[in-house]
Amino acid sequence: MDKGDGAAGLWEQPHMVARMADRPPDRRLVQLLDGAGSYAAIREAWQPGPAPRVLDLGCAGGRNTVLAAQRGLDVWALDASRAMVRETRKRLAPLTGEDYAQERVLLGRMAELDGWTDGFFDLVIALGVLQDAGGYAEWGAVLAGIGRVLRPGGLCLVANFGPDSEPAGRKLKKVPGEPFTYGGFGPGGRLMTLPDLAELDAEFAAHDLTPALPGVRVRRDGEEGFRTTLNALYRRQDTGPEK
């Protein structure tokens, strides 16, 4: 999680940590690693080697970090919540050892990727985290960082809430002067960055990441309203030595 100040306390609460930790691994990540269905050709073209380097950005309770370790991937994780970092380290340690878990699961915001060199990762997992950029400046910094740390041919798996979500049964409020920042998604003055699917593709393309599969909009109804999620998979392009 990489939540804004208004929602930060929520992600430190034990019940929320347990909730996030108990979720199953992301279905699309499992399909990618298995090379299942529409991911078969993508998995073959990916060619990451025997131990792909993976960054779980906004790892929350570690559901996907743990899966990556179980599959033998060389995994790193980053989260802005101390409680989520502790939980992920606790879950990872039995698989990798305590030292590895301490070194690889790091506390930090999603734009803080300077610790990794250019092209370091084969895969970045960014599920439900990019949306918590508090404005376009932070959003752009995060996408630039992802584009930099991914190798050519590397992949970025994305899930981001859509701007047409109405979780409280009413439209979200657009923030003036921002291209796709909205309020009203949750308590505490929380701001979220919510491009639509075409805008999401364009934003990633600006950092040499293009769709490996067509993006999909998914709607989930709740008691008061509904949320839409944009699911996408991007591939880092090889732009040559002059880029």
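The values are calculated or read from the model by the stated rules, or taken from the named source; none is laboratory data. Computed from a predicted model, the values in this text were never measured in an experiment. Heads up, the Cβs are rebuilt from the backbone with ideal geometry, glycines too, and the neighbour counts pull from every protein chain shown.
List of remarks:
- For the range 14-33, filtered to residues that are basic (K, R) and more than 24 Å from G154 (Cα to Cα), the residue that is nearest to the chain's Cα centre (by Cα) is R23.
- Tally, over the range 24-58, of residues that are touching a residue at least 60 places away in the same chain (Cβ under 8 Å), buried (at least 16 other Cβ atoms within 10 Å of the Cβ) and either assigned to a loop (DSSP other than H, G, I, E, B) or not aromatic (F, W, Y) (or both): 13
- Only one entry in L92, L127 is in contact with a Leu (Cβ under 9 Å, 6 or more places away or on another chain) and modelled with pLDDT of 95 or more, namely L127.
- Residue in the range 71-81 that is polar (S, T, N, Q) and either at positive phi or in a helix (DSSP H, G or I) (or both) present: no
- Taken over the range 180-204, the criterion of being exposed (fewer than 15 other Cβ atoms within 10 Å of the Cβ) and either within 18 Å of G135 (Cβ to Cβ) or modelled with pLDDT of 95 or more (or both) is satisfied by G183, G188, G189, A198, E199, A202.
- Residue selection: L106 fails the criterion of being in contact with a helix residue (DSSP H, G or I) (Cβ under 9 Å, 6 or more places away or on another chain) and closer than 28 Å to V216 by Cβ.
- The range 103-120 - residue that is over 25 Å from L194 (Cβ atoms) and in contact with a Lys or Arg (Cβ under 8 Å, 6 or more places away or on another chain) and, of those, surrounded by the fewest Cβ atoms within 10 Å (Cβ to Cβ): D118
- Scan of the range 1-20 for residues that are at pLDDT below 80 and of a type in the set (A, V, I, L, M), ordered by number: M1, A7, A8, L10
- If only residues of the range 70-102 that are within 21 Å of I146 (Cα to Cα) and free of Cβ contacts under 8 Å to residues at least 60 places away in the same chain are counted, the one that is surrounded by the most Cβ atoms within 10 Å (Cβ to Cβ) is V75.
- Looking across the range 164-179, the residues that are surrounded by fewer than 20 Cβ atoms within 10 Å (Cβ to Cβ) and either in a loop (DSSP other than H, G, I, E, B) or in contact with a Cys (Cβ under 9 Å, 6 or more places away or on another chain) (or both) come down to D164, P167, A168, G169, R170, K171, V175, P176, G177, E178, P179.
- Qualifying residue in the range 129-139 (condition: under 24 Å from L33 (Cα atoms), assigned to a loop (DSSP other than H, G, I, E, B) and under 15 Å from the mean Cα position of the chain (by Cα)): yes
- Per this entry, R148 is counted among residues that are part of a helix (DSSP H, G or I), within 26 Å of D56 (Cβ to Cβ) and of a type in the set (K, R).
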